[in-house]
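**Student:** Please read through the structure below; I'll follow up with questions.
The values are calculated or read from the model by the stated rules, or taken from the named source; none is laboratory data. Predicted model only: the values in this text are computed from it and were never measured. Heads up, the Cβs are rebuilt from the backbone with ideal geometry, glycines too, and the neighbour counts pull from every protein chain shown. Heads up: the accessible areas ignore ligands, DNA and RNA and are worked out on the full protein's heavy atoms, side chains in. Shrake-Rupley method; radii C 1.70, N 1.55, O 1.52, S 1.80 Å.
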Amino acid sequence: MAPLIPSTFNQNLAKLPTNLKRLTHIHITLYILALCSLLTACAGNTIYDHHLAIPNCIWGKENPLLYLVQIEDTTTQANTAITVRFTSRTSLKNLPLKLTCVTPDQQVINRTVNVVLKDRNGQARGESMANLWDLKTVVDPPLPFTTKGKYEISIQHLARPNRFSCITDVGLTIK
């Protein structure tokens, strides 16, 4: 079986003093353990995580976004969050959203969520990468997933004007 560490590394390691060799092996071991724990922690308990792109970054009120979610486990309470990705050029400070959830037994549950895109000083909120911002907002109270089956969740904006730009996509996460 081939060694996990390249032979040139082992040759260079042989030239180091013993205490430095031990330290190097400890660092490698800790790095591998940290990476493994990070990968298993992130895989966690996400039931659903999907983002829908807004065509041409122009979202009209007449174009709600539809997410189809299959729920199998109804024994634990799941938290729902909405992630809005927007550009720093947006003129909106608040983005009111209407969530409509149709359960497998055809009950309709509505929630209104106000996503605060910018603070009082006009600074965008969330995590940024260049001029794009991701802002996650938790739906409170959470949507009840009490029946196994397919849920239809639509997200419609309630902002004025009825059509606006600079929202690139909207995601729904259920954990």
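**Student:** Please give the residues of region 62-104, grouped as numeric ranges, whose backbone N is less than 19 Å from a label point set 7 Å along the Cα-to-Cβ vector of residue 159.
**Tutor:** Correct set: 62-66, 81-100.
**Student:** Rounded to the nearest whole Å², what accessible area per residue is found for region 88-164 with the 1.4 Å probe?
**Tutor:** 61 Å²
**Student:** In whole percent, what relative contact order does region 87-154 give with Cα contacts below 8 Å and a gap of six or more residues?
**Tutor:** Once divided by the residue count of region 87-154, the mean separation gives 38 percent.
**Student:** Multiplying the sequence separation of residue 175 and residue 68 by 0.36 nm and subtracting their Cα-Cα distance, what value in nm do you get?
**Tutor:** Fully extending the segment from residue 175 to residue 68 adds 37.0 nm.
**Student:** Let me ask you something else. At a 1.4 Å probe, what is the % contribution of carbon and sulfur to the accessible area of region 72-175?
**Tutor:** Of the solvent-accessible surface of region 72-175, carbon and sulfur hold 45 percent.
**Student:** Would you list which aspartates and glutamates come within 19 Å of residue 148, measuring only between C-alpha atoms, while excluding same-chain residues fewer than 8 positions from it?
**Tutor:** Straight-distance partners of residue 148: 49, 72, 73, 105.
**Student:** At 7 Å along the Cα-to-beta-carbon direction for both residue 110 and residue 125, put a label point, then send me their distance in nm to one decimal.
**Tutor:** 2.4 nm
**Student:** In terms of Cα to Cα distance under 15 Å, which aspartates and glutamates are near enough to residue 118, apart from those fewer than 8 places away along the same chain?
**Tutor:** Reachable aspartates and glutamates: 127, 134.
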